[in-house]
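Visitor: Just dropping this structure here.
Please treat every number below as a calculation from the coordinates, not as lab data. For clarity, every value in this text was computed on a predicted model and none was experimentally measured. Heads up, the Cβs are rebuilt from the backbone with ideal geometry, glycines too, and the neighbour counts pull from every protein chain shown.
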Amino acid sequence: MNRLHLKKTFVLLLIPGLIFLLFFFLVPLLFVLVESFKGADGGITLIRYKEVLTNPQFRLVFARTLKIALIVTPIAVLVGYPSAYLMTKLPAAKKSILMSLVILPLMTSPVARTYAWIVILGKYGIVNQTLTSIGILKEPVRLMYTEGAIIVGLLQLFLPIMILTLVSAMENVQDEVEEAALSLGSGKAGCFFRVIVPLSFDGLIMGVTLVFTGSITAYVTPAILGGAKVLTLSTLMRQEALVLMNWEAATVIAVIMILTTLILYNGLRLFKPRTLV
Amino acid sequence: MRKTQILLVILFVLFSVSTQVFATAEKETAPTAAADAMPFKGQELTVSMWGYNMDLLEKNIIKPFEKKYGVKIVVETGNNSARFTKMVARKDNPLVDVALFAGSWAYKAKEEGIIKPYNPAKLTNLSALMENAKDPLGGRYAIGYTIQHLGLFYRTDKVAKITSWKDLSRSELKGVLSIPGITTTYGPAVIYMLSKAWAGDFNATDVGWQKIEELEPSLVTAYNRSSELNTLISQEEVYAAPYSSFAWGTILGSGLPVANVIPKEGLVGSFSMVSIGAGTTKEDLAYLYIDHLLSYDVQMAEAMDLVDSPVRTDIKLPPEVAVNLTYGDELISQLHFFDHKKMAEVQKEWIARWNKIFSE
């Protein structure tokens, strides 16, 4: 098969996916973007952005949502990276078992998983009961309907995605590269940070982007575990769209969510280490 | 191993397909003897309604109607705001034939033109209803098919008896209290009742808002659905709260020692309303459904199952059931019904005010 033929085949195989993305992603995205700049008279205006960005409640909710995402994401990296590294070093059978355990939560509805946290974090839930029975707490503490509950719920939701993304990236790092580094005098930690991490950085960027985006845009988990006292961008957007029918404000919030994620993604790429491999 | 796996997959696919084939075959061989007596047989009627207590609604309302008329009820469930928004978005291509809304949302639906006036001559059960249920919005845009109230409940084993809306400010309720969110049916009603309790005037809403601000730190959370309140109660996060009377059956079902009260300032009453969707092409069937909803059998069944309180004046309930519903002259005479137009007008401002208090 010559190169031109391969290229044509490659393009043909891409077309269905690209058409799907065009109609079900790009077009709706453009629609949202255009709507966010539309004024009452149908003309282009920034008034919607001004209304939202100068609203103190929006700024508070945005800061809270960002804070939650910036806590969830690094924890997912800290837990996910060593887990993914270990899994790539295991024999196939054991790796398969661990992969199944990682994937298993993803096969459960996020709603069901989130509701399970009510039982665990509730006033008389497993955590409070354990801590009071061993004497660490004198009486149950408020765990539900807090930012902490949202963080825990989001971490459980998105950690498997971080692990899977990193496993996929690390599997592309050949064992010989690591062996070469060790044979040239690098310690295990040095090898991990100076060889493995740079070579799997693209996977890290992808994992961080997915987890951060998911945390910024999550609705069910903040709605159930945070409740009405802990509004996030998605619950605020729902209120604007479905209660106040203020679609303009809702589209502005959606655009801000997208921009935040794009800034993070492109910002991370600036930190990508140079590699010789 | 591989062959076994392939065989298992094939068997699974065959099983799934066969269940569908047999289900279809069962429908196709259903008896057609009564077809002539069912002029609407085979038609679908889309009803926009809440999903709360859906199993009982299916038993008492939907299945009997489907069987009687040989039709299929397509249910669109959700809370008021989600269903209202959907109907407005589809205004030029309406799908809903019958819509159920809480009072203020039915008012908004009327203003938005997504529901239309009914013809009383086409409803044989209308005359049996209490007077203010027949046309609660005016212009015959809606009928109150059930009456509810916003009550107060408390855990009898955890807190002292509650007798007033003022009691929500008691220090013993700190951290174990919830109230309905401002976007819910009864959210605004709490403001009015706190205004009445603390200022003696429903319309002194600045006082009510001040009390909300004082209560906010004490709240576990504000609930947006009755199912959320049920979870809060069953998880013992909440020992007292205003509650919608239609949820009382489920609250009792938690098995926890609870009591409901008629506070000295009174209770908030409201009708859940049913309307004909504007643009419906199945108006006759819609009228039959509404008449069915107002029928003696349905109203009695819903009451006995503690789902909805009846609006028919000929329903006589046993005392042990009546005490758990919005029923009886003594209770209904203490209900305050608010002006839906007024509540719809302040909605945007009040949501912003609420968000300010709850975001800080």
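Visitor: May I ask you to list, by number, the DSSP H helices of chain A whose Cα span along the axis is at least 24 Å and whose average Kyte-Doolittle hydropathy reaches -0.5 or more?
Guide: Membrane-span-like by this criterion, though nothing is claimed about a membrane: A:3-21, A:56-89, A:147-170, A:247-269.
Visitor: Another one. May I ask you to derive the relative contact order of chain B, considering only C-alpha pairs under 8 Å and at least 6 residues apart, and to give it as an integer percent?
Guide: Dividing the mean separation by the residue count of chain B yields 23 percent.
Visitor: State whether the stretch A:56-269 is rounded, prolate or oblate according to the following rule on the C-alpha gyration tensor (a ≥ b ≥ c being the square roots of its eigenvalues): a/c under 1.5 gives rounded; otherwise a/b larger than b/c gives prolate, and the remaining case gives oblate.
Guide: Oblate shape, in that a/c is at least 1.5 and b/c is the bigger or equal ratio.
Visitor: Can you tell which of B:L331, B:L194, B:L150 shows the greatest fluctuation in a Gaussian network model of chain B with Cα springs below 10 Å?
Guide: Looking only at B:L331, B:L194, B:L150, the biggest GNM fluctuation is shown by B:L331.
Visitor: On a straight-distance basis, which lysines could pair with A:K138 in a cross-link, Cα separation under 19 angstrom, same-chain partners fewer than 8 positions away excluded?
Guide: Of all the lysines, those that pass the test against A:K138 - Cα under 19 Å, at least 8 places apart if same chain - are A:K123, B:K158, B:K174.
Visitor: From the Cα gyration tensor of the stretch B:43-82, with a ≥ b ≥ c the square roots of its eigenvalues, which class applies: rounded if a/c is under 1.5, or else prolate if a/b is larger than b/c, or else oblate?
Guide: Because a/c hits 1.5 or more and a/b fails to exceed b/c, the stretch B:43-82 counts as oblate.
Visitor: What range in chain B is the longest one free of trypsin sites (Lys or Arg not before Pro) that are in a loop by DSSP and have at most 16 other Cβ atoms within 10 angstrom?
Guide: B:175-263
Visitor: Also, I was wondering about something else. Need the full-extension length gain, A:R269 to A:V177, defined as separation in residues times 0.36 nm minus the C-alpha distance. One decimal, nm.
Guide: 30.8 nm
Visitor: Tell me, what are the semi-axes, in whole angstrom and largest first, of the equivalent ellipsoid of the protein assembly as shown as set by the roots of 5 times the Cα gyration tensor eigenvalues?
Guide: Three semi-axes, in Å: 49, 33, 26.
Visitor: Gaussian network model of chain A, Cα springs within a sub-10 Å range: biggest mean-square fluctuation belongs to which of A:F62, A:F24, A:F212?
Guide: Checking each option, the largest mean-square fluctuation is seen for A:F24.
Visitor: Something else now. Using only Cα atoms, locate the centre of the stretch B:142-162 and the centre of the stretch B:254-298, then give the distance between them in Å, rounded to an integer.
Guide: When both Cα centres are located, 16 Å separates them.
Visitor: Additional query: With a ≥ b ≥ c taken as the square roots of the eigenvalues of the C-alpha gyration tensor of the stretch A:118-238, please select rounded if a/c is under 1.5 and otherwise prolate if a/b is larger than b/c or oblate if it is not?
Guide: In terms of gyration-tensor shape, oblate.
Visitor: A further question follows. Efficiency by 1/(1 + (r/R0)^6): what FRET value for B:E44 and A:L18, r their Cβ-Cβ distance, R0 = 41 Å, to the nearest 0.05?
Guide: In this case the efficiency is close to 0.65.
Visitor: Only helices at least 24 Å long along their axis, Cα-based, and averaging -1.0 or more on Kyte-Doolittle count here, so list those DSSP H runs from chain B.
Guide: Length and hydropathy pass: B:2-28, B:340-359.
Visitor: State which entries of B:K196/B:K342; B:K72/B:K110; B:K134/B:K342; B:K86/B:K356 exceed 19 angstrom in Cα-Cα distance in the structure shown.
Guide: Exceeds cut-off: B:K72/B:K110; B:K134/B:K342; B:K86/B:K356.
Visitor: In deg cm²/dmol, rounded to 500, what helix-only [θ] at 222 nm does the protein assembly as shown give when every DSSP H run of at least 4 residues adds -39500 (n - 2.57) and the total is split over its residues?
Guide: Result for the protein assembly as shown: -16000 deg cm²/dmol, rounded to the nearest 500.
Visitor: Oh, and also: Between the stretch B:66-86 and the stretch B:101-130, how far is it from one alpha carbon centroid to the other, in angstrom?
Guide: 16
Visitor: When chain B is modelled as a GNM with alpha-carbon springs shorter than 10 Å, which of B:V298, B:V96, B:V261 fluctuates the most?
Guide: Among B:V298, B:V96, B:V261, the largest GNM mean-square fluctuation belongs to B:V261.
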